[in-house]
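Chemist: The structure under discussion is supplied below as structure tokens; questions concerning it will follow.
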Protein chains: 2
Amino acid sequence: MADIKQGKIKSRESQLSTTLKDQLRCQSCGLTPLCLPVGMSEAETEKLDSIVHRNTPYHKGDHLFRQGDKFKGIYVITSGSVKSYYINKHGEECIVGFYLPGELIGLDAIHNRVYSCSVAVLETTSACEVPFSQLQSLTSEIPSLQHQLMCLLSKEVHNDCEMVAILASHSAEERLASFLLSLSSRYKSRSLSALEFNLSMSRTEIASFLGHAVETVSRTFSRFQEQGLLEVNRKQVKLLNIEALADLGGNTLTSSTTGFP
Amino acid sequence: MADIKQGKIKSRESQLSTTLKDQLRCQSCGLTPLCLPVGMSEAETEKLDSIVHRNTPYHKGDHLFRQGDKFKGIYVITSGSVKSYYINKHGEECIVGFYLPGELIGLDAIHNRVYSCSVAVLETTSACEVPFSQLQSLTSEIPSLQHQLMCLLSKEVHNDCEMVAILASHSAEERLASFLLSLSSRYKSRSLSALEFNLSMSRTEIASFLGHAVETVSRTFSRFQEQGLLEVNRKQVKLLNIEALADLGGNTLTSSTTGFP
DNA sequence: CGTTACCTTGAATATGATCAACAGGAGTGG
DNA sequence: CCACTCCTGTTGATCATATTCAAGGTAACG
């Protein structure tokens, strides 16, 4: 509802100065170890870089694409965060995932060429757009690109399995603990603080994602705080007792993925 | 616990007669349209076929592999069904997915070369084992194989997202309805009856998968029967009112994936 | 400075979990 | 073939947990 104001969509492409553009190349991007160019030579990375579109930053509420749109390519968040959601039969927004810098979006649309979810921006966010047809041509030239793309797809499958495991856990405490630990480990692998971070999503959005009522999420946060597991003030979260949280969220597939053995 | 009797593991390979083996080639397999050989020439399919291992059938309780095992390859169920599960911190079995003929298993292990779940057989089951290193070599020779592998990975991501959506739905009725519809549409796309089928998994296993107590699953089945939505007798299920079930399980990502628009 | 949206908390209600008992098949061994 | 046990599934009663409805508080924003 909030963003039917599509009239303001403009050509985001190429509105950046040349000097800024130089800083925004795959070769100099800090996310490279998580992204597509893993294992690629300088020359190969340059080829990949040449097909990538970098748009002007998106703002809260903007959409990368919408449910049902024709599949054009995959997106990689470079800064900020987004939510992936669909509208169910009752007209409610159901959130299927959150994506942080370095994470790929749209992988589920490769097989049928249609985006099955909408992706909206939670805060000011930059993303790279990789047109899929061109990417596919490149993979036949660059074996390590093909390999890395497959690895990233596999990783996505793995993450989704883990999410299924979290959601099958009954209690609100387990789910929220697992959710926070997931965020924490993802921040950690991006060299950000694993213990103190900002939630870019609202309580309502967390609730939708975890399959709970907003009030339950809020109460669970409060309970965690009372128990000294964390400090929370609106969006600001500080994890105080990771081990206890990990004990609660006992439903992680592998301890290696949480980063907390 | 039930299957520590691993002593009985023998070389399953090549215990089949030559005539039987001829029937078990990719070229003559009915699952081809769902599996890897999509879009491949006769000669290419033959190449793929030559790297595939076909073991003697597995029996209930047998394992294809176990959580933590080194990744060797992906498996495709050709008949029967399996469950994928892990053991959580409390020692409980948590089921992450069920797989039917034509579905690929182990895709989540490509990126880190370790199976993150155990996969056990629910009934007498046949499967093809595709060694990954050889498959990867083939993909560079056969572009359509690479493409199809990517598509299958993408489809898996899509299915998992859908599962997340189902599990985020609150009520027991919604979840069970979605689960049954998912099975139904998968049987349908395998040219089996979409309305009448056998559940190869126990109530306990359904409960574990959906994140409910056994009793809840049992009661929900009974309620569906009282409402005339289905007939159920132990494992035998007959769906009587698909539309009503679809209304309940309103949390499917895309109607196209359920096959019931 | 006032409005709005978001978050939190409280009380009542509904839903599912748990505990317990029982029914009915499947399989076993006589 | 029957009697037996074991296992799975069903049903009932009670209890715990999360939802819902309601109200109030607080940060954000124009």
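Chemist: Nearest 10 degrees is fine. How inclined is helix A:143-168 to the longest principal axis of chain A, computing both from alpha carbons?
Modeler: Helix A:143-168 and the main axis of chain A meet at about 20 degrees.
Chemist: Provide an ascending nm list, one decimal, of label-point separations from B:ASN233 to the equivalent residue in each further copy; define each label point as 7 Å from Cα along Cα→Cβ.
Modeler: 6.6
Chemist: Starting with the fewest neighbours, write out B:ASP108, B:ASP69, B:ASP160 ranked by other beta-carbon atoms found within 10 Å of each beta-carbon.
Modeler: Least crowded to most crowded, the residues run B:ASP69, B:ASP160, B:ASP108.
Chemist: Is any residue of region B:176-215 close enough, with backbone N under 14 Å, to a label point placed 7 angstrom from the Cα of B:ARG234 along the Cα-Cβ axis, and if so, which?
Modeler: Within reach of a label on B:ARG234, which here means backbone N under 14 Å from a point 7 Å along Cα→Cβ, region B:176-215 contributes B:198-203.
Chemist: Once amide H atoms are built 1.01 Å from N in the peptide plane, which residues 5 or more positions from B:THR78, or in another chain, come under 5 Å H to H?
Modeler: The list, which skips near neighbours in sequence, is B:GLY102, B:SER126, B:ALA127, B:CYS128.
Chemist: Spin-label point model (7 Å from Cα, Cβ direction): what's the A:ALA244 to B:LEU24 distance in nm?
Modeler: 5.5 nm
Chemist: Using only Cα atoms, find the angle between the long axis of helix B:42-51 and the longest principal axis of chain B, and express it within 0 to 90 degrees, rounded to the nearest 10.
Modeler: Approximately 90 degrees, to the nearest ten.
Chemist: Quick check on chain B: helices-only [θ] at 222 nm, where DSSP H runs of length 4 and up contribute -39,500 (n - 2.57) each and the sum goes over total residues. Nearest 500, please.
Modeler: The helix-only estimate for chain B comes to -12000 deg cm²/dmol at 222 nm.
Chemist: Placing a label point 7 Å from Cα toward Cβ, how far apart in nm is B:SER133 from its equivalents in the other copies, listed shortest first to one decimal?
Modeler: Ordered by increasing distance: 3.8 nm.
Chemist: Moving on. For B:GLY39, which inter-copy label distances result when the label point lies 7 Å beyond Cα on the Cα-to-Cβ vector, reported in nm to one decimal and in ascending order?
Modeler: For B:GLY39, the inter-copy label distances come out at 2.1 nm.
Chemist: In addition: Going by amide H atoms built from the backbone, whose H comes under 5 Å of the H on A:GLY73, apart from near neighbours?
Modeler: Amide H neighbours of A:GLY73, under 5 Å, 5+ apart: A:PHE132.
Chemist: Fewest Cβ neighbours within 10 Å first, please rank B:TYR99, A:TYR187 accordingly.
Modeler: A:TYR187, B:TYR99
Chemist: Moving on. A:ARG113 to A:LYS70: extension gain in nm, 0.36 nm per residue of separation minus the Cα-Cα distance?
Modeler: 14.9 nm
Chemist: Can you check what the net charge comes to around B:PRO143, using other residues whose Cβ is under 14 Å from the Cβ of B:PRO143 (Lys, Arg +1; Asp, Glu -1)?
Modeler: With Lys, Arg at +1 and Asp, Glu at -1, the neighbours total -2.
Chemist: How many nm is it between the label spots at A:ALA43 and B:GLU196, if each spot is 7 Å from the Cα in line with the beta carbon?
Modeler: 6.5 nm
Chemist: Inside 10 Å of the C-beta atoms of A:165-173, what's the mean count of C-beta atoms belonging to other chains?
Modeler: 5
Chemist: Here's something else I'd like to know. For helix A:132-141, report the angle its Cα long axis makes with the longest principal axis of the Cα atoms of chain A; keep it between 0 and 90° and round to the nearest 10°.
Modeler: 70 degrees
Chemist: Taking every residue in A:83-90, how many Cβ atoms of other protein chains lie within 10 Å of its Cβ, on average?
Modeler: 4
No value in this document is a laboratory result; all are computed from the given coordinates. What you see is a predicted model; the values in this text were computed from it and never measured. Glycine also receives a Cβ, built like all others from the backbone with ideal geometry; neighbour counts cover every protein chain displayed.
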